[in-house]
Amino acid sequence: MSNGNENQKIGFVIGASSVGTLIEWYDFYIFGMLATIISKQFFPSDAGTSALLSTLAIFAAGFIVRPFGALFFGRLGDLIGRKYTFLMTLILMGGSTFAIGLVPGFSSIGWAAPILVLILRLLQGLALGGEYGGAATYVAEHAPANKRGYYTSWIQTTATLGLFLALGIIILIRQSQGVEKFSTEWGGWRYPFWISLVLVIISIIIRLRMQESPMFAKVKSEGKISVNPLKESFGHRGNFKMVLLALFGAVMGQGVVWYTGQFYAQSFIENTCKVNFIESRNIILYAILFATPGFILFGWLSDKIGRKWIMLLGMLFGIISYRPIYKSFLDKTNPAAKRTIVDVSATVVNGPAATVDNKDGKKIFLVTKIDSAYQDGAKYSFTKTDTLYLTEAYTGNTKSISYSKANKDNPSLFDTIQVAVKATASSNLTEGSSFVNVERSSAKPNVVVEKSLDKSTFWYMVFFVFLQIVFVTMVYGPIAAFLVELFPTKIRYTSMSLPYHIGNGVFGGLVPFLGTLIVEFTKTADKPAGDPLAGLWYPIGVALVCFIIGAVYLKNEIDQDVMD
């Protein structure tokens, strides 16, 4: 076979493996990208933060079952072959994703909605648990020793490119439909789930043209395939030791760096910094676009200087820099820092509008919405909600209410304040105003609802998310070649899949959920926002433990012959 034909062959191997894996990652991640909307569709409308936490828990559940998928499909891969096993995982993933897009919302079928979504999410996790090990093993077993890191690094790009594809499709649909239509029960947020079916069919057609891995084919033809891959992988002390070393010395650190740099970054920018939906996702898109070549660079470099220190330095950079980076995000988006550059002429104030508490007629909420413009081009939307406590329940239905309030300059004088009443869906307001007696009032601080960033801050955030994704490419680019070289061919699919999916699925996949939960535990009556940086201690701690174990026990040698 000529060199040109060999290049074409390995190109097809990488392309066919990568396309399917990219689509599986796309399927897996659209759920996380739409977590805020999903929490409102599949849980009670008044659940608040608990709905988001429950949605993140369902998202995390898909990660937690990945090791079980690794065991099940890894065993199949070592028994019947790489090709047909990750063809099965692709079909299972695509079908589950499409089905999530068909589940009616909580308002239609109640608690059956989140239960069905959880079941489908678990099936996604099982499928992904079998996909990555098959694709990485398949490519590695086609690659020459001096290019194993470089060739397998193309598989590593698929996770990030799948995220990129998911973000791009979501943004395009949302912009074409508008916020309200996109977020309704059967709105555009479901389309990315449905699109998955088309992508999966294309990938299946491509994968059917693939041949079995030459290394596995040789082992099979010689009758040397494993009779019991699970027993040989985890029952033999020497191999099990390698499984544990892979997990605690490399993969769990790689997992938390991966999910912090992309998922936690997006969640923090959107939910903590309150950057609007489109800009928060554009920040991630640009960062991914600029950083993705790093997977190839560090995969190639690992063939020259070894895998160990590239991966460990990626972890170390994350450990050192995460808290300063996220602290700077908070500082850059802090409204207090912009008070001196408010553009009064462009600032719009709407309200206040009065809304009666549907549980307590003696409470009326006064909601004022402020779209504050700044001289640097930023726009922050605020909502201020004050509460009036009445002497008796309000029963009127007029278009406004009025009440007396002490003059702030001279408390002995009283001003009459008139406020418009916000109509509910079932109310029929009449002309005029109703006077109400106020027993006391509670003034609350402004709450930032959404921020549109100035260009300087936007690109600042892009750069520092890009930097985090560079750390991701350092730990993730060489990892497939590193894992392949640890284990023998006949049990490779099983042996490498389990530590990979525990490290990424459990340690990494729990980063958004545990990070959010840790912040919730820091909230007190005196400090209702808690410590927004507290969630970072989880990935920092895991990465630090992994760095120490890896530095002490991992070797920086490249196994030239993986046909063993």
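Bear in mind that the values in this text are calculations on the coordinates, not laboratory data. Only a predicted model underlies this, so the values are computations on that prediction, with no experimental measurement involved. Methodologically, a virtual Cβ is constructed for each residue, glycine included, from the backbone with ideal geometry; neighbour enumeration extends over all protein chains shown.
Worth a mention:
- Given +1 at the Cβ of Lys and Arg, -1 at the Cβ of Asp and Glu and no other charges, the dipole of segment 276-409 around its Cα centre is 340 debye to the nearest 20.
- Over 24 Å (Cα to Cα) - which of Lys304/Lys490; Lys332/Lys523; Lys40/Lys369; Lys241/Lys490; Lys405/Lys527 fall in this group: Lys304/Lys490; Lys405/Lys527
- Charge dipole of segment 408-449 (Cα centre as origin; +1 on each Lys and Arg Cβ, -1 on each Asp and Glu Cβ, all else neutral): 200 debye, rounded to the nearest 20.
- Where both bridge residues fall in the chain, DSSP classifies roughly 85% of the beta bridges as antiparallel.
- Angle between the chain longest axis and helix 191-207 axis [Cα atoms, degrees, rounded to 10]: 10 degrees
- Taking a ≥ b ≥ c as the square roots of the eigenvalues of the alpha carbon gyration tensor, segment 253-318 is oblate, as a/c is not under 1.5 and a/b does not beat b/c.
- For the pair Asn437 and Lys304, the difference between a 0.36 nm per residue extended length and the Cα-Cα distance amounts to 39.9 nm.
- Hypothetical label at Asp415: residues of segment 322-354 whose amide nitrogen lies under 17 Å (7 Å Cα-Cβ projection): 349-354
- Degrees separating the helix 66-80 axis from the principal Cα axis of the chain, which is the longest one: 30 degrees
- Contact order relative to length of segment 347-450, as percent, for alpha carbon pairs under 8 angstrom and 6 or more apart: 30 percent
- Our summary gives the chain a relative contact order of 23 percent, counting only alpha carbon pairs under 8 angstrom and 6 or more residues apart.
- In terms of its alpha-carbon gyration tensor, segment 450-543 comes out oblate; a/c meets the 1.5 threshold, while b/c is at least as large as a/b.
- Ordering His142, His236 from the fewest to the most neighbouring beta carbons within 10 Å gives His236, His142.
- Dipole check for the chain: with +1 at the C-beta of Lys and Arg, -1 at the C-beta of Asp and Glu, and the Cα centre as origin, the magnitude is about 560 Debye.
- Given charges at Cβ of Lys, Arg, Asp, Glu: the chain dipole, positive-most of Trp111, Val436, Pro293: Pro293
- Label selected from (1) 34; (2) 26; (3) 23, the criterion being percent of Cα pairs over 46 Å apart as computed here: (3)
- Partners for Lys408 among lysines (Cα-Cα distance below 17 Å; same-chain residues under 8 apart left out): Lys444
- Computed from Cα atoms, the angle from the helix 237-246 axis to the main principal axis of the chain rounds to 40 degrees.
- When the GluC sites (Glu not before Pro) in segment 485-564 are filtered for DSSP coil states and for at most 10 other beta-carbon atoms within 10 Å of their beta-carbon, the remaining sites are Glu557.
- Spin-label model distance (nm) - Trp537 vs Asn146, 7 Å beyond Cα toward Cβ: 5.0 nm
- The distance separating the Cα centre of segment 263-319 from that of segment 136-152 comes to 23 Å.
- Loop-resident sites, segment 342-422, for trypsin sites (Lys or Arg not before Pro), counting at most 13 other Cβ within 10 Å (DSSP): Lys359, Lys408
- Helix-only [θ]222 nm of the chain, DSSP H runs n ≥ 4, -39500 (n - 2.57) each, per residue, nearest 500: -18500 deg cm²/dmol
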